[in-house]
Amino acid sequence: MSSETMKAIRIHAFGGPDVLVYEDAPKPDVQPGEVLVRVHAVGLNPPDWYLRDGYKALPPEWRPQVSFPIILGTDISGIVEAVADDVEGFSVGDAVYSMVRFFSVGESKAYAEYVSVPASDLALKPAGIDHLHAAAAPMSLLTAWQFMVDVGHDEPNPLQPNRHEPAPLDGKTVLVNGAAGGVGHFAVQIAKLKGAHVIAVASGKHEALLRDLGADEFIDYKKTAPEDVASDLDLVVDALGGPTTGRFLRTLRRGGALFPIFPLGFSGADEAERLGVTVSTTQVRSNGAQLNELGRLLDNGSIRVVLDSTFPLADARKAHERAADGHIQGKIVLTVA
């Protein structure tokens, strides 16, 4: 590790947003196979607060063991500062974006002025969007893409015994629950881009945005339970997931599929089998090649990034408090001076 320092957000113990400390930290060295990036923006994601509070939602035996202090975060956009001698394809001064080292708990270290990134996790930033929008994309967009289009990795699936298989989208009817959030607003656009008829579920204040992003129908869950009105669906992408995701089983036709982004708590396996519905999930993984592919869609506007709010890096605590308030439209981003 370099003797130089940088500003970063670190935690020295698990807890609420108050454990996020803006302080000096060692500036990373660039190791073989890596690129050092001067960070311009950082995208926030649920694993950030899951790690911050010690993964309390997981059973104790599943909780990762970490060594403090920890720098949180995975998603960055910035400028290449240095390139290891064995890395090709990137040069000092390139604008780049990445989901860094996911899934590797505590090793991503994105809430900082500098981050070392494995070259395989990195892609050139789409020229048509700025650093804020680029930093907001990686984890949420890769999650939607890997669930719906191309898993993109052969890592064992820790959430189920079989490999996740995306479902056909062209000509199908797809419902996206939690459609206004990070993963949800990308899932709506991907489904539409791939030829699906898209039903978006969110609160009414998000309807105009979601229709603008391509939703053909909209259900305001505050007025109508989607499982009471939707039927004969080919695919449900439940961007919220959790124990309530089983309610969507009866909205699906036989042969349909339910993809809960957060699968823990699902208890409807027997009902799914009886109804002839596939329930499948996966865990997003870093993939620079996919980010390069998706970058073309971001560059030409085929996929848009929606920003909920931005905060300076030093105000990461306020950003996490905003996340805890819920009802996020798109993504929260930290700016790095």
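Computed from the coordinates by the stated procedures, all read-outs in this text should not be read as laboratory data. Quantities reported herein were computed from a predicted structural model and do not represent experimental measurements. Backbone-built Cβ (ideal geometry, glycine too); neighbour counts: all protein chains shown.
Here are the numbers for this structure:
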item: Among the residues listed as Leu132, Leu175, Leu169, Leu142, the single one being touching a His at 6+ places or on another chain (Cβ under 9 Å), under 29 Å from His327 (Cα atoms) and either hydroxyl-bearing (Ser, Thr, Tyr) or in contact (Cβ under 8 Å) with a residue 12 or more places away in the chain (or both); result: Leu132
item: Those residues of region 118-135 which are surrounded by fewer than 22 Cβ atoms within 10 Å (Cβ to Cβ), among the small types (Gly, Ala, Ser) and over 23 Å from Gln329 (Cβ atoms), in sequence order; result: Ala119, Ser120, Ala127
item: So Val66, is it of a type outside the set (Phe, Trp, Tyr), touching a residue at least 24 places away in the same chain (Cβ under 8 Å), touching a strand residue (DSSP E or B) at 6+ places or on another chain (Cβ under 6 Å) and surrounded by 15 or more Cβ atoms within 10 Å (Cβ to Cβ); result: no
item: Only one of Ala179, Ala110, Ala144 that is touching a Gly at 6+ places or on another chain (Cβ under 6 Å) and either aliphatic (A, V, I, L, M) or over 30 Å from Asp220 (Cα atoms) (or both); result: Ala110
